[in-house]
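Written below as structure tokens is the structure these notes are about.
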Amino acid sequence: MTHSSDVTWKLDDITMEGTVVCPDGEGPFPAVVFVAGSGPTDRDWCSPLLPGGNGSARLMAEAFAGAGIASLRYDKRASGPHARENAAKLIGTISMQSHLDELVAAVTVLARQDCVDPSRIFGLGHSEGTLHVLHHATTTLDVPFAGIILAAPPGRPMQAVLLSQLARQPQLLGAPELMTRVREAVARYAAGQPMDLDPSLPDSVKTALASFETPANLPFGRELWIESAADSLVEIEIPALVLIGAKDLQVDVHADGEPLREAAAGMDDVMFAFPANANHVFKEDLRDTAEIAASPGSGYNEPGTRLDPESLELILTWLSATGRWSEPVREF
């Protein structure tokens, strides 16, 4: 048996929403706060841009509860059911700091749950969310993390990750002239100029690029553009588990994994794992990479998709071992 309940709290003048899952039995339990990836991805790691509602964060939260680990997953203010009405309030204020503020507020809520041991709270960030978890881990706060899990962290600056993702778009494969126009737009943006996107670019590509300079996403877009997880990983002083799936076509085990390994050189508390059949959202995908690339986004949230067993076992084993190193329960 587990206990799931929705919680709300205020941040500035916006009500944030999340779901707490507590294991059955006597606590307090160790706990995990989930931090979703980019764009309108919600608390369950589902997105209106992708089909299906079988999100990995919800599945992980349920599995964690079965292993005696509580959790909180939350909607960012620019995601979830109230994203549209919140957007007008957030114009010009979305930033790395505003994302950190959301996470700090969520951790405070989680620490106050009766079932939670606040000295054993772990951050689990996915993709862009790993950056926010790292910012929390490298900031002095009332409720620090006992450790962090970085799931699909970008080891390269986001501009490099985005370029590699766009290069695999079906509309750009075999179209070097279009890819050249993409790189020219990216170079203009990196120089602080408007992208001035070429009208001949595919709509999906223009949408992805334009999101970085739309007023609603500034100054965050420019901050994200130049940051990588490797920048902050070198500064952490707590245990960390870094996971990149071998079937991930958005974050790469080599291009992103190697800079992260270099950043963590000599850091004994940082562990790396590259589960063989895990895709970007840590679902099991037994197809080869060519098949996956031919249908981007499939295998993510559709009914019937399941968590990658190797990834889940790695996370639970690491949490169990790391949780034993924590100090006695503190009150907050």
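The values are calculated or read from the model by the stated rules, or taken from the named source; none is laboratory data. Since this is a predicted model, take the numbers as computed values, not measurements. Cβ coordinates were reconstructed from backbone atoms using ideal geometry, including for glycine residues, and neighbour counts include every protein chain displayed.
Condition check: surrounded by fewer than 18 Cβ atoms within 10 Å (Cβ to Cβ) and in contact with a Leu (Cβ under 9 Å, 6 or more places away or on another chain). Does A187 satisfy that? Write out each step before concluding.
Values: surrounded by fewer than 18 Cβ atoms within 10 Å (Cβ to Cβ): yes; in contact with a Leu (Cβ under 9 Å, 6 or more places away or on another chain): no.
No.
For region 51-77, which positions are hydrophobic (A, V, I, L, M, F, W, C) and touching a helix residue (DSSP H, G or I) at 6+ places or on another chain (Cβ under 8 Å)? Talk me through it step by step, then tell me what you get.
Keep residues of region 51-77 that are hydrophobic (A, V, I, L, M, F, W, C), which gives 57, 59-61, 63-65, 67, 69-70, 72.
The answer is M60, A63, F64, A67, I69, A70, L72.
Give me a count of the residues in region 275-321 that are among the hydroxyl-bearing types (S, T, Y), more than 18 Å from G52 (Cα to Cα) and modelled with pLDDT under 90.
In the first step, residues of region 275-321 are kept if they are among the hydroxyl-bearing types (S, T, Y); the result is 289, 295, 298, 300, 305, 311, 317, 320.
Subset that is more than 18 Å from G52 (Cα to Cα): 289, 311, 317, 320.
Then keep just the ones that are modelled with pLDDT under 90; that gives 289.
Residues in region 275-321 being among the hydroxyl-bearing types (S, T, Y), more than 18 Å from G52 (Cα to Cα) and modelled with pLDDT under 90: 1 in total.
Could you please find all residues in region 277-303 being part of a loop (DSSP other than H, G, I, E, B) and in contact with an Asp or Glu (Cβ under 7 Å, 6 or more places away or on another chain)? Walk me through how you get there before you give the answer.
So the first thing to find is which residues in region 277-303 are part of a loop (DSSP other than H, G, I, E, B), and the list is 277, 279-282, 285-288, 295-303.
The answer is N277, N279, H280, F282, G299.
Where the second residue is modelled with pLDDT of 95 or more and not in a loop (DSSP other than H, G, I, E, B) and the first is within 14 Å of P239 (Cα to Cα) and lies in region 257-268, which pairs have Cβ atoms under 7 Å and are six or more apart or on separate chains?
The qualifying pairs are A264/L233; A264/V270.
Could you please find all residues in region 277-295 being among the β-branched types (V, I, T), more than 19 Å from L150 (Cβ to Cβ) and buried (at least 18 other Cβ atoms within 10 Å of the Cβ)?
Here is the first cut: in region 277-295, the residues among the β-branched types (V, I, T) are 281, 289, 292.
In the following step, the residues that additionally are more than 19 Å from L150 (Cβ to Cβ) were identified as 289, 292.
I292, the sole residue that qualifies.
Can you report the number of residues in region 171-190 which are among the basic types (K, R) and within 21 Å of L218 (Cβ to Cβ)?
Restricting attention to region 171-190, the residues satisfying the condition of being among the basic types (K, R) are 181, 183, 188.
Checking which are within 21 Å of L218 (Cβ to Cβ) leaves us with 188.
Within region 171-190, residues that are among the basic types (K, R) and within 21 Å of L218 (Cβ to Cβ) number 1.
May I ask you to list the residues in region 21-39 that are more than 12 Å from the chain's Cα centre (by Cα), closer than 16 Å to L103 by Cα and surrounded by fewer than 22 Cβ atoms within 10 Å (Cβ to Cβ)?
So the first thing to find is which residues in region 21-39 are more than 12 Å from the chain's Cα centre (by Cα), and the list is 21-32.
Now narrow it down to the ones that are closer than 16 Å to L103 by Cα: 31-32.
Matches in region 21-39: none.
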